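Undergrad: Shown below is the structure under consideration.
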Amino acid sequence: MTNITLHMDLDELCLSADISQEAIIEVVEYGIVTPLEGDTLSEWVFDLESAHWIKKAIKLNQQLQIDWVATAMVIELMRNKQQLEKENNQLKIRLNRLL
Amino acid sequence: MEFKDYYQTLGVDEKAELKEIKKAYRRLALKFHPDMNAEAGAEERFKQVAEAYEVLKDDAKRAEYDEMKRYGSSSKQGFETPPGWQSSGGFGAKSSDSSGDFSDFFNSFFAGGKESYRNTDKQEPDLFKSQDFEMEVPIFLEESLSGVTKSLEYVVPVFDGRQTQQVKKSLKVKIPQGIVDGERIRVKGQGAPGQGAPGQSLRSSGANDSQKTLDGDLFLHIRLVPHPLFDVQGINLLLTVPLTPWEAVLGTKLEVPTLDGKINLNIPPNSRSGKKLRIKGKGLKSKTTQGDLLATLKIDIPPSTTSETKRLWEQLAEVEQYTPRADWSN
């Protein structure tokens, strides 16, 4: 059976996505994600949803050559859009059941 | 392999200055980035643009590329480098994107020289990571309640130093109980394999003994399959319970489905359409708690009436004084 995890620490995240600690610190400082636990940098642990958004934020920051404020805003809008699309789909299904 | 005309990809002249190249890249990146453009082909076009920029933004890479473009030749077998041509093998600049997304042409000539992952102690080997792979895994609500072992088959791209090959992989993964829609699971070392002998989690790249290549990871994105009866709201399940008008007025006892069998549900007299009844502990399980089943009543009328039922409805209409539109009279 395979070895599965639901979290990543800072070192694993850096290695997994080939990204620097500095970039992850920026993502956290701009409030894009919050570590699941850990008071100090070396103790930071992220859930995989946060890890996904960290990778996405750093990619957008580099690929679109935008600053961190814009990156934070884009990520916030993308998350909201994703959440609203999900709710919209769920409500459409609920509505069909009630009609 | 096929030669890539990076100047054409970015739509710039071969003598273009760096600022023109940057400008062209930014314009095309915004136009084709997969997060900005959902059209078919946009992501592929973005990769081409990013690959071209990765080479042309770097003076050393660009000079080497220009030399190849000028003196190389294309034949039926593909592109051939100039006679005696040798890649410098490393440019010292860290790639901003995974070279796994780039073409064989790029990987053959320009992917070398990436900075190692955060390794400042040169006594230790440099660490590199092969490409991670993400796939969606649909699971049924019943499976999320108890956990399930899934057999997965997928194809990962592997660059062998000359070309990218598609390698089929299969494995069994235990999806834990209490997984929710959208959650991710990481399966260590099951993405694209690192270069070298298969089956090792850490292996030598072969090209350079001071460099080690780790297998990429597999990320599973869990999707709950829509259920014919239940909807999901957090860890609660929603069920619509159709009732006849007389069941709603008189009250009744019903057998209702849950994910793990049927239970009896009391419908109190004079229940209105839309009323919600909470059945504790019959929702989904999270890692720490269990959700509830929320039953919403829906009053349904018979699709047709016989002369007898019509007479009874008329009788009811004569004796019942209730009007649901009392508010409209103002």
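Undergrad: Please tell me if A:I32 is under 14 Å from the mean Cα position of the chain (by Cα) and part of a helix (DSSP H, G or I). Write out each step before concluding.
TA: Working: under 14 Å from the mean Cα position of the chain (by Cα): yes; part of a helix (DSSP H, G or I): no.
Judged against the criteria, A:I32 is not a match.
Undergrad: Please enumerate the residues belonging to the range B:160-169 that are closer than 17 Å to B:E134 by Cβ and either of a type in the set (S, T, N, Q) or in contact (Cβ under 8 Å) with a residue 60 or more places away in the chain (or both).
TA: B:Q166
Undergrad: Of A:V28, A:V69, A:V45, which residue is more than 10 Å from chain B (Cβ to nearest Cβ), touching a residue at least 24 places away in the same chain (Cβ under 8 Å) and either touching a Lys or Arg at 6+ places or on another chain (Cβ under 7 Å) or surrounded by 15 or more Cβ atoms within 10 Å (Cβ to Cβ) (or both)? Spell out how you get there, then give the answer.
TA: Numbers: A:V28 fails: touching a residue at least 24 places away in the same chain (Cβ under 8 Å); A:V69 fails: either touching a Lys or Arg at 6+ places or on another chain (Cβ under 7 Å) or surrounded by 15 or more Cβ atoms within 10 Å (Cβ to Cβ) (or both).
From the options A:V28, A:V69, A:V45, the qualifying one is A:V45.
Undergrad: Could you list, in sequence order, the residues of the range B:259-278 that are buried (at least 18 other Cβ atoms within 10 Å of the Cβ) and either within 14 Å of another protein chain (Cβ to nearest Cβ) or modelled with pLDDT under 95 (or both)?
TA: Within the range B:259-278, B:L259 is the sole residue that qualifies.
Yes or no, residue by residue, for (1) touching a strand residue (DSSP E or B) at 6+ places or on another chain (Cβ under 7 Å); (2) over 30 Å from B:G274 (Cβ atoms); (3) without any contact (Cβ under 8 Å) to a residue 24 or more places away in the chain:
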site: A:L36; (1), (2), (3): yes, yes, no
site: A:T40; (1), (2), (3): no, yes, yes
site: A:M78; (1), (2), (3): no, yes, yes
site: A:R94; (1), (2), (3): yes, no, yes
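Undergrad: Another one. Taking B:G281 and the conditions (1) in a loop (DSSP other than H, G, I, E, B); (2) surrounded by 14 or more Cβ atoms within 10 Å (Cβ to Cβ), which numbered condition does it fall short on, given that it satisfies the others?
TA: For B:G281, the failing item is (2).
Undergrad: So the check is Cβ under 7 Å with 6+ separation or different chains; which pairs have a first residue in the range A:1-25 that's within 9 Å of chain B (Cβ to nearest Cβ) and a second one that's assigned to a strand (DSSP E or B) and acidic (D, E)?
TA: A:L6/A:D47; A:H7/A:D47
The values are calculated or read from the model by the stated rules, or taken from the named source; none is laboratory data. All figures in this text were calculated on a predicted structure; none of them were measured in a lab. Positions of Cβ are backbone-derived with ideal geometry, glycine not excepted, and every protein chain shown enters the neighbour counts.
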